[in-house]
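What follows is calculated from the coordinates using simple rules that are stated; it is not laboratory data. Quick caveat: nothing in here was measured; it's all calculated off a predicted structure. Neighbour counts are summed over all protein chains in view; Cβ atoms, including those assigned to glycine, are modelled from backbone coordinates with ideal geometry.
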């Protein structure tokens, strides 16, 4: 009997490599991707039941596509289930609404013979038994579907409303995030140096003076030019991350927003701090209806370049920060936060061409 890979994104493709390596025959289902070996027709319950095993990708919303519970009794595995069975490293899982990637990246710099895998972008199945410590960034989608959380050490950084369109309620999102506490040891500590001490059993003062490198797109200083200081915080894909960025700012500064506000399904948010709030893109009107500020400037269906042109042409009496902290997932404006952050950096660095 064949198996089925359900969803053929980054994770699904890593599953394909794993199954091929182990001589397991499989079909592929993905609604959006085209290819000679990819089926675009959603398998019904009978078709699902004809497979030996379903290998399920994390982003699949089963409740949405199988509204009558057709998938309820179908056997399936995730890539994490396989990894937990076959990998012999000390497994550290890190989850939270914000700061997962940075915490993983910082801990990796401190922990010898370690790798960062999972939602970070490196599929777990491509990294079985590669080192002694595996730092796994875990999304709510992954925690929702994995059968057993077989982690040696689990970290819950924080919880704020996110992905409500997928999980339906904040309560369900909280329940899923809290699955990290099924780990053998779990903590809500967020300081990577303290985490290193807890995991290694060594003294904190051994790493206290180490300066850790930062990931891009997280309150990243891009350029100081004349009276303007440009900050790229494109990774702010929800209101919680936006609030964190706003609280870290010193006045005066202006804020740039974009993205799809319907992902979090919030009703209103009052912005305090910036002198101006620029809102651009295909979702600009939707954002404007939800956020309040005395000086909002809309660029409906216009791109970031239009916003930057106005910022460059304005007059400033003192040093002013320009904070690009979108506060929402990319929606129809960009493929992801990396693309929009790179676009912001490019526009800033090319300002000398003006």
Checklist entry - Among 139, 250, 330, whose mean-square fluctuation peaks in a Gaussian network model of the chain (Cα, cutoff 10 Å)? => result 250
Checklist entry - What is the packing order of peptides 200-206, 294-300, taking the mean over residues of other C-beta atoms within 10 Å and listing the highest first? => result 294-300, 200-206
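Can you give the relative contact order of the range 129-196 as a percent, counting alpha carbon pairs under 8 Å and 6+ residues apart? Working shown, then result.
On the way: 67 pairs, mean separation 26.6, N = 68.
For the range 129-196, the relative contact order is 39 percent.
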Checklist entry - Measuring from a point 7 Å past the Cα of residue 1 along Cα-to-C-beta, which residues in the range 27-53 have an amide N at less than 15 Å? => result 27, 45-53
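Let a ≥ b ≥ c be the square roots of the eigenvalues of the Cα gyration tensor of the range 6-107; is it rounded (a/c under 1.5), or, if not, prolate (a/b larger than b/c) or oblate?
Working: a/c = 1.85, a/b = 1.53, b/c = 1.21.
Prolate is the answer for the range 6-107, as a/c is 1.5 or above and a/b outweighs b/c.
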Checklist entry - For helix 10-21, what angle does its Cα long axis make with the longest principal axis of the chain, in degrees from 0 to 90 and rounded to 10? => result 30
Checklist outcome for this item: Two pseudo-spin positions, 7 Å from Cα along C-beta at residue 170 and at residue 42, lie apart in nanometres by 3.0
Checklist entry - Taking only C-alpha pairs under 8 Å that are 6+ residues apart, what is the relative contact order of the range 220-353 in percent? => result 37
Checklist outcome for this item: Answer check: the range 193-345, Cα atoms, Kirkwood Rh, Rg/Rh ratio of 1.05
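If packing is taken as the average count of other Cβ atoms within 10 Å, what order do 47-53, 286-292 fall into, highest mean first?
Numbers: 47-53: 15.6, 286-292: 17.4.
Per-residue mean Cβ counts within 10 Å order the peptides as 286-292, 47-53.
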Item to check | Part-to-part distance (alpha-carbon centres) for the range 184-213 and the range 41-102, which is given in Å | outcome: 31
Next on the checklist: Along each principal axis of its Cα atoms, how long is the chain end to end? Whole angstroms, biggest number first, please.
Outcome noted: 71, 53, 40
Checklist entry - If R0 is 30 Å, what FRET efficiency do you get for residue 128 and residue 346 from their C-beta distance, rounded to 0.05? => result 0.20
Next on the checklist: Rounded to two decimals, what is the ratio between the C-alpha radius of gyration of the range 82-206 and 2.2 N^0.38 Å?
Outcome noted: 1.01
Checklist entry - So, in nm, how far is label residue 158 from label residue 275 when the simple model puts each one 7 Å beyond its Cα toward the Cβ? => result 2.8
Item to check | Estimated FRET transfer efficiency when R0 is 41 angstrom, pair residue 24-residue 266 (beta carbons, to 0.05) | outcome: 0.40
Next on the checklist: Along the Cα→Cβ direction, 7 angstrom out, place labels at residue 31 and residue 86. What is the inter-label distance in nm?
Outcome noted: 2.9
